[in-house]
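Taken together, the values in this text are just the output of simple stated rules run on the coordinates, not laboratory data. A quick note: this is a predicted structure, and the numbers were derived from the prediction, not measured. Note: ideal-geometry Cβ built from the backbone for every residue, glycine included; neighbour counts use all protein chains shown.
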Amino acid sequence: MIRVAKLLDIRQSDEWQKYLSSLGWKYVVTSSGVKVSLLKTFIGTVTKIQKPPVLSESDLNEIEEICKKAGAMFIKIEPGLGQNIELLEGLGYKKSYHPLSPPSTILIDLTKSEEELWTGVSKSAKYLTKRARREDAKIEIYQRPNEEILKSFVELTLQTQKARKVTPPTLEDLKKKVEIFGDRSYLSLAKNPAGEIMVGNLSFGFGKGIWFVHGGTSDRGRHGRWGYELFWQQFLYFKAHGYEVLDMEGVDDDRFPHFTKTWGGFSYFKEKFGGERVQFPYPYIKLLSPVLKLLGKVYATIPL
């Protein structure tokens, strides 16, 4: 596994927690720095701990104390790479089949040279990248994009919604993320010679990592070469800006067919750029509410 795969996930960043706070979540930081997110709902408090560093038994005991004090109904953990799953199960956690974030992804090692990165690109992707250049594809990357540029990206995601049947981000949501991540926010756009936006990605950086958080493709862009040149130029741009790993943020995963059922097309596309396919552990959940504990005895799994 590439060494950069061990970087802390963006969902454990202060910035991500500030974003969740804008949606009503609160968070507590453990003595070892793990972010525990909590949200009060009309039925009780829910929690999530997403992609933390490897958790020890003392970490898990502290997390449980925090959650009980907050009156949480359950503890939900999406473990990071290298987590001791036997430890979780030994402390009463059970496997969940409902991930909250991409359960598998592809990581690009940006510490490689440009030549090494190009070697990892498939033959067909190389051809289509070069063809996009011949057809005068224009790549624009905006650091800390303004509202006007974000509006054009939102319009692009609306076309993606129709094709993939996914919920697009709102302008206010994107503005909030950019406001919080600041200069570590990047909107990348591929335009055709007429200036029409064909493909776009909104990415956010944390530590030495950069994540593709939102993407969009126009109806015409879906059948063109624009995305190939966009991806390649992003590799070079983020490498030049000192990032060491690019997380493509999600590929299909047969463990969760319902969650990733519409991801086949863009997963195939991402795989053409090499990198390392990474599969995170299953999410795990521990029931704290007496009612949920009772239901847990009646039903084999609870949809949490």
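When the Cα gyration tensor is reduced to axis lengths a ≥ b ≥ c, the ratio a/c is 1.5 or higher for segment 128-210, and with a/b not above b/c it is classed as oblate.
Computed from Cα atoms, the angle from the helix 171-181 axis to the main principal axis of the chain rounds to 80 degrees. Each residue of segment 233-245 was assigned a 3J(HN,Hα) from its phi angle through the Karplus expression (A = 6.51, B = -1.76, C = 1.60, θ = phi - 60°), giving 5, 5, 3, 5, 5, 5, 4, 5, 8, x, 6, 10, 9 Hz with x at Gly and Pro. From helices alone, the chain scores -10500 deg cm²/dmol at 222 nm; the rule is -39500 (n - 2.57) for each run of n ≥ 4 DSSP H residues, then divide by the residue total. For q = 0.07, 0.09, 0.11, 0.13 Å⁻¹, what log10 I(q)/I(0) does the chain give under the Debye formula with an equal point scatterer on each alpha carbon and no solvent? Debye output, listed in q order: -0.29, -0.48, -0.71, -0.97. Available extension along the chain between H258 and V298 is 12.0 nm, counting 0.36 nm per residue and deducting the alpha carbon span.
Evaluating 6.51 cos²θ - 1.76 cosθ + 1.60 at θ = phi - 60° for every residue in segment 16-33, the Karplus couplings come out as 5, 5, 5, 4, 4, 4, 5, 9, x, 6, 10, 9, 10, 9, 6, 4, 9, x Hz, glycine and proline recorded as x. The length gained on full extension between Q143 and H223, counted as 0.36 nm times the residue separation minus their Cα-Cα distance, comes to 26.1 nm. Specify whether the C-alpha gyration tensor of segment 1-102 places it in the rounded, prolate or oblate class, a ≥ b ≥ c being the square roots of the eigenvalues: rounded for a/c under 1.5, otherwise prolate if a/b is larger than b/c and oblate if not. The shape class here is oblate. Using the Cβ-Cβ distance between K126 and L87 with R0 set to 51 Å, the FRET efficiency works out to roughly 0.70.
Where does each of 95-103, 286-294 land if you order them by average Cβ count within 10 Å, highest first? Intermediate results must be reported in sequence, preceding the final value.
Working: 95-103: 17.0, 286-294: 15.3.
Highest mean packing first, the order is 95-103, 286-294.
The packing ranking of peptides 59-66, 255-262, highest mean first, is 59-66, 255-262, where packing means the average number of other beta carbon atoms within 10 angstrom of each residue.
Charging the Cβ of each Asp and Glu at -1 and of each Lys and Arg at +1, and nothing else, the dipole of segment 104-279 about its Cα centre rounds to 480 debye.
For segment 117-133, putting each phi into the Karplus relation 6.51 cos²θ - 1.76 cosθ + 1.60 with θ = phi - 60° gives couplings of 5, 5, 4, x, 7, 5, 4, 5, 5, 4, 4, 6, 5, 5, 5, 4, 5 Hz, in residue order, rounded to whole numbers and with x for Gly and Pro.
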